[in-house]
There are 2 protein chains.
Amino acid sequence: MAGRLDSLEGCLERHLPAAELAEAKRLLLGEPVRPLDLPREALLAAEERDFELQGHKFEAAPEQLRQPRLVRVGLIQNKIPLATDAPVAEQVTALHRRIQEIVEVAEICGVNVICFQEAWTMPFAFCTQEKLPWTEFAESAEDGPTTRFCQMLAKKHNLVVVSPILERDAAHGGTLWNSAVVISSSGCVLGKSRKNHIPRVGDFNESRYYLEGDRGHPVFETQFGRIAVNICFGRHHPLNWLMYSLNGAEIIFNPSATIGKLSESMWPIEARNAAIANHCFTCAINRVGTELFPHPFTSGDGKPAHHDLGYFYGSSYVASPNGSRTPGLSRTRDGLLVAEMDLNLCRQVNDEWNFKMTGRYKMYAEALAAFAQPNFVPNVIRE
Amino acid sequence: MAGRLDSLEGCLERHLPAAELAEAKRLLLGEPVRPLDLPREALLAAEERDFELQGHKFEAAPEQLRQPRLVRVGLIQNKIPLATDAPVAEQVTALHRRIQEIVEVAEICGVNVICFQEAWTMPFAFCTQEKLPWTEFAESAEDGPTTRFCQMLAKKHNLVVVSPILERDAAHGGTLWNSAVVISSSGCVLGKSRKNHIPRVGDFNESRYYLEGDRGHPVFETQFGRIAVNICFGRHHPLNWLMYSLNGAEIIFNPSATIGKLSESMWPIEARNAAIANHCFTCAINRVGTELFPHPFTSGDGKPAHHDLGYFYGSSYVASPNGSRTPGLSRTRDGLLVAEMDLNLCRQVNDEWNFKMTGRYKMYAEALAAFAQPNFVPNVIRE
């Protein structure tokens, strides 16, 4: 169960006096992010379709030689609409349908780039340790039904789609990967990014299904800016964020599936730290709800077998290079977060803070290379 | 001016209903840290000497083969007691005196390792861009008056002292460094750690005074655990934290001097992220108060010349590898934060989350080496 708060920000809004609220929000969220006016039609549609809709705006200083580079990103978090024991094809279709009705609203809000949650076409079933039917949700990244569906969405709604799926790699022995497919607004599959760090923690037994990605840290130059995808567990690895940034990413999406008991205190920290440390925007997306599986499983914690992984706490948010962030989406409801950002802010903050200039990457390349050797001797000083 | 809140946590305590407060604190600070009972004598002395005293406790699970490895660390944040135009020797003496009266209370609280704020024997005068009298505050790390003072403190109070000073390196042409001297409880100078990343941001014109440290990432094996010191601006560089951790640090101190306008929204994020990412404890220390300098200076922001850098917002805290943290010390008052930690928690969290195992350091060593080459080609995919 998700606890009694819908969101931390909502709780503060309800109880703090106005003067203290403003200062508390500044300490909690950074310099205030401005509200983005959303069309009434979108707000009504969101209400009717039963999902939360938030709009926020990150601004940058005007420059002489560059126009503002405004882009609107959309982050979608959602429950699975059908039970996990419904037929696979029906579950996928229901998820396609649910996402489509949210994407339609995203288009009304002028969204240019949209990202769905990790493995969005399926329940997050790796906790069961069972192979069937879950591996049946895997699809070709290049021409599977979900990629074709996303190509349709991209063209119809004129937006870039980031579609994180369980990938079946037919060209390499049918291996599975945890991947994100990036589709341009013209419907072209630009490529894919693979999850670089695989958890072996709690019920996240994912290395039974797929291993660490072999694609490095690709950045996709879309018509709306340079984007990258750091999938789920990669957010715990600062080097993963860094390499996407060193390859030029201005927006890094972090589609995730993570649960309250395990990670909720880390969630507001890690993607936001990455935005600060790398002078870029980061978009953290987590699913919502509790998914019940047909067969009981144990969790390596001495407790009885059970049918669920825990509750996914949503709380998707966008963080900016200047350290500010949006409030989180709900901890319990489906939602669409629309954030307009002026990408000029990335270089402006970079020029102000200079972490790339002061980063000393050559020194760290050598230090990490030494660490990776079997005969590494830690630099320890004893009395 | 520091704004109207003494601390974010205090504000929530005052206004939230009990049930929501507990959940809000869990979302904000992680799993609750337990209060550490402090001797009444210490509480009275702190009140009399006009500084805040907090005590907290981080626990770990019992193990079969290792006893709990309890250590109490003390973090001191303080204003400068004298005006910046008082004679140099008097300013240093007044700071020694102030620190001594806080350390005496730390001993009563059973502190084993204590760390002072960055460049603790002086005002943070680098904003002035003037050399005299500020460089006169520099001292030998090995046998300067402040190191001798700290050796006395260490022996008298039986604790390890981490003493961040402006260092005069006579053996290398009288070069200045921003360093931290580590002194064992027997009064022996174990060694020093130098600031690895130097800011060129806002009024932090420190590269006019000293450059990047040349000592790598030393870890000091004290009788109370393996400690390291990541000085100030190094907290913005995740690789800096990482290398201290790869060298075995269980506690990383981050003595800092940073101001509200520039960094307050980043402050709760960075050291805590480092504790999570590196399975270690981190201790973030910032000074308090506003320091007025004799001559006006400008800040490269188009605004008129002025006499101060801004307000140092204190808010020192300790973060744990499991993502929880203590509340911050006051944003405005001198303070001593005492945190008892069972260092066994570091390996327990490491075994649970495995970031070192899943870190793929060889891949990143190669990627960073490639980035550091002049002919680096970013991995960018275009339509």
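Residue A:256 meets all of the listed conditions (1) under 18 Å from residue A:118 (Cβ atoms); (2) over 13 Å from the mean Cα position of the chain (by Cα) but one, namely (2). For first residues located in the stretch A:13-32 and assigned to a helix (DSSP H, G or I), partners that are acidic (Asp, Glu) and surrounded by fewer than 16 Cβ atoms within 10 Å (Cβ to Cβ) and lie 6+ apart or on another chain with Cβ distances below 7 Å form the pairs A:21/A:13. Just one of the listed residues (A:312, A:297) is over 28 Å from residue A:105 (Cα atoms) and either of a type in the set (Phe, Trp, Tyr) or touching a Phe, Trp or Tyr at 6+ places or on another chain (Cβ under 9 Å) (or both), and it is A:297. Which one of the conditions (1) over 21 Å from residue B:253 (Cα atoms); (2) within 24 Å of the chain's Cα centre (by Cα); (3) in a helix (DSSP H, G or I) does residue B:95 fail to meet, given that it meets all the rest? Only one criterion in (1) over 21 Å from residue B:253 (Cα atoms); (2) within 24 Å of the chain's Cα centre (by Cα); (3) in a helix (DSSP H, G or I) is unmet by residue B:95, namely (1).
Count, please, the residues in the stretch A:339-383 that happen to be charged (D, E, K, R) and at the interface with chain B (Cβ under 7 Å from one of its Cβ atoms).
First, pick out the residues of the stretch A:339-383 that are charged (D, E, K, R): A:340, A:342, A:347, A:351-352, A:356, A:360, A:362, A:366, A:382-383.
Keeping just the survivors that are at the interface with chain B (Cβ under 7 Å from one of its Cβ atoms) gives A:352, A:360, A:362, A:382-383.
Counting residues in the stretch A:339-383 that are charged (D, E, K, R) and at the interface with chain B (Cβ under 7 Å from one of its Cβ atoms) gives 5.
I want to confirm something. Restricting to the stretch B:1-14 and keeping residues that are facing chain A (nearest Cβ under 7 Å) and surrounded by 13 or more Cβ atoms within 10 Å (Cβ to Cβ), which single residue is farthest from residue B:334 (Cα to Cα)? Write out each step before concluding.
Residues of the stretch B:1-14 facing chain A (nearest Cβ under 7 Å): B:3-5, B:8, B:11.
Now restrict to residues that are surrounded by 13 or more Cβ atoms within 10 Å (Cβ to Cβ): B:3, B:5, B:8, B:11.
On the way: B:3: 17, B:5: 15, B:8: 17, B:11: 19 Å.
Going through the qualifying residues, I end up with B:11.
Candidates B:39, B:68, B:62, B:17: the one that is surrounded by fewer than 19 Cβ atoms within 10 Å (Cβ to Cβ) and touching a strand residue (DSSP E or B) at 6+ places or on another chain (Cβ under 9 Å) is B:68. Please enumerate the residues belonging to the stretch A:217-247 that are touching a Ser or Thr at 6+ places or on another chain (Cβ under 9 Å) and at positive phi. Within the stretch A:217-247, A:232 is the sole residue that qualifies. Summed over the stretch B:193-203, the residues that are out of contact with any Pro (no Cβ under 7 Å at 6 or more places or on another chain) and at the interface with chain A (Cβ under 10 Å from one of its Cβ atoms) give a count of 7.
Evaluation of residue A:202 against the conditions (1) small (Gly, Ala, Ser); (2) out of contact with any strand residue (DSSP E or B) (no Cβ under 9 Å at 6 or more places or on another chain); (3) at pLDDT below 95 shows that the sole unmet condition is (2).
Just one of the listed residues (B:31, B:47) is within 14 Å of chain A (Cβ to nearest Cβ), open to solvent by 60 Å² or more (accessible area, probe 1.4 Å) and not polar (S, T, N, Q), namely B:31. Among the residues of the stretch A:207-225, write down those that are outside any loop (DSSP other than H, G, I, E, B) and either within 11 Å of chain B (Cβ to nearest Cβ) or open to solvent by 10 Å² or more (accessible area, probe 1.4 Å) (or both). Listed by number, the residues that qualify are A:207, A:208, A:219, A:220, A:221, A:222. I'm trying to understand the selection: among the residues of the stretch B:170-217, which are charged (D, E, K, R) and over 28 Å from residue B:155 (Cβ atoms)? Of everything in the stretch B:170-217, those that are charged (D, E, K, R) and over 28 Å from residue B:155 (Cβ atoms) turn out to be B:200, B:203, B:206, B:208, B:212, B:214. Might you let me know whether the stretch A:363-378 holds any residue that is of a type in the set (Asp, Glu), assigned to a helix (DSSP H, G or I) and open to solvent by 10 Å² or more (accessible area, probe 1.4 Å)? Yes; the residues of the stretch A:363-378 include at least one that is of a type in the set (Asp, Glu), assigned to a helix (DSSP H, G or I) and open to solvent by 10 Å² or more (accessible area, probe 1.4 Å). In the stretch A:270-288, the count of residues that are at pLDDT 95 or above, more than 16 Å from the chain's Cα centre (by Cα), open to solvent by 10 Å² or more (accessible area, probe 1.4 Å) and farther than 26 Å from residue B:271 by Cβ is zero. Here the stretch A:250-265 is the region considered, the condition is being facing chain B (nearest Cβ under 10 Å) and either acidic (Asp, Glu) or free of Cβ contacts under 8 Å to residues at least 24 places away in the same chain (or both), and the residue that is nearest to residue A:299 (Cα to Cα) is A:263. The set of residues from the stretch B:51-85 being part of a loop (DSSP other than H, G, I, E, B), touching a helix residue (DSSP H, G or I) at 6+ places or on another chain (Cβ under 8 Å) and either under 20 Å from residue B:330 (Cα atoms) or at pLDDT below 95 (or both) comprises B:51, B:78, B:80, B:81.
Considering only residues of the stretch B:226-237 that are at the interface with chain A (Cβ under 9 Å from one of its Cβ atoms) and free of Cβ contacts under 8 Å to residues at least 40 places away in the same chain, which is nearest to the chain's Cα centre (by Cα)? Walk me through it before giving the result.
Let us first name the residues in the stretch B:226-237 that are at the interface with chain A (Cβ under 9 Å from one of its Cβ atoms), namely B:226, B:233, B:236-237.
Subset that is free of Cβ contacts under 8 Å to residues at least 40 places away in the same chain: B:226, B:233, B:236.
Working: B:226: 16, B:233: 10, B:236: 13 Å.
Here the residue is B:233.
Keeping to the stretch A:108-148, report how many residues are over 21 Å from the mean Cα position of the chain (by Cα) and among the hydrophobic types (A, V, I, L, M, F, W, C). Going through the stretch A:108-148 one residue at a time, the tally reaches 3.
Scanning the stretch A:308-322 for residues that are open to solvent by less than 10 Å² (accessible area, probe 1.4 Å) and either of a type in the set (Lys, Arg) or at pLDDT below 95 (or both) yields a count of 0. Of all the numbered requirements in (1) touching an Asp or Glu at 6+ places or on another chain (Cβ under 7 Å); (2) among the aliphatic types (A, V, I, L, M); (3) open to solvent by less than 10 Å² (accessible area, probe 1.4 Å); (4) at the interface with chain A (Cβ under 10 Å from one of its Cβ atoms), residue B:190 misses one, and that requirement is (3).
If we keep just the residues of the stretch B:193-206 that are touching a Lys or Arg at 6+ places or on another chain (Cβ under 9 Å) and in a loop (DSSP other than H, G, I, E, B), which is surrounded by the fewest Cβ atoms within 10 Å (Cβ to Cβ)?
So in the stretch B:193-206, the residues touching a Lys or Arg at 6+ places or on another chain (Cβ under 9 Å) come out as B:193-194, B:196-197, B:202, B:206.
So of that shortlist, the ones also in a loop (DSSP other than H, G, I, E, B) come out as B:196-197, B:202.
On the way: B:196: 25, B:197: 22, B:202: 19.
Only one residue fits best here, namely B:202.
Mind counting the residues in the stretch B:89-109 that are of a type in the set (A, V, I, L, M, F, W, C) and under 13 Å from residue B:145 (Cα atoms)? Counting residues in the stretch B:89-109 that are of a type in the set (A, V, I, L, M, F, W, C) and under 13 Å from residue B:145 (Cα atoms) gives 3. All of A:114, A:99, A:108 fail the test of being closer than 18 Å to residue A:335 by Cβ, among the aliphatic types (A, V, I, L, M) and open to solvent by 30 Å² or more (accessible area, probe 1.4 Å), apart from A:108.
Restricting attention to the stretch A:175-187, which residues are in contact with a helix residue (DSSP H, G or I) (Cβ under 8 Å, 6 or more places away or on another chain), facing chain B (nearest Cβ under 9 Å) and open to solvent by less than 30 Å² (accessible area, probe 1.4 Å)?
Of the residues in the stretch A:175-187, the ones in contact with a helix residue (DSSP H, G or I) (Cβ under 8 Å, 6 or more places away or on another chain) are A:176, A:178, A:181, A:183-187.
Next, from what is left, pick out any that are facing chain B (nearest Cβ under 9 Å): A:184, A:186.
Within the stretch A:175-187, just A:184 meets the criteria.
Does residue A:328 qualify as being at the interface with another protein chain (Cβ under 10 Å from one of its Cβ atoms), in contact with a Gly (Cβ under 9 Å, 6 or more places away or on another chain) and at pLDDT 95 or above? The answer is yes for residue A:328.
Among the conditions (1) outside any helix (DSSP H, G or I); (2) closer than 26 Å to residue B:249 by Cβ; (3) among the basic types (Lys, Arg), residue B:131 misses just one, which is (2). Of all the listed residues (B:332, B:358), the sole one being open to solvent by 10 Å² or more (accessible area, probe 1.4 Å), of a type in the set (Val, Ile, Thr) and not in a strand (DSSP E or B) is B:332.
The values are calculated or read from the model by the stated rules, or taken from the named source; none is laboratory data. In this text the structure is predicted, and so the values were computed from the model without any measurement. Cβ atoms come from the backbone with ideal geometry, glycine included; neighbour counts cover every protein chain shown. Please note that ligands, DNA and RNA were not included when accessible areas were found on the heavy atoms of the full protein model with its side chains. Shrake-Rupley method; radii C 1.70, N 1.55, O 1.52, S 1.80 Å.
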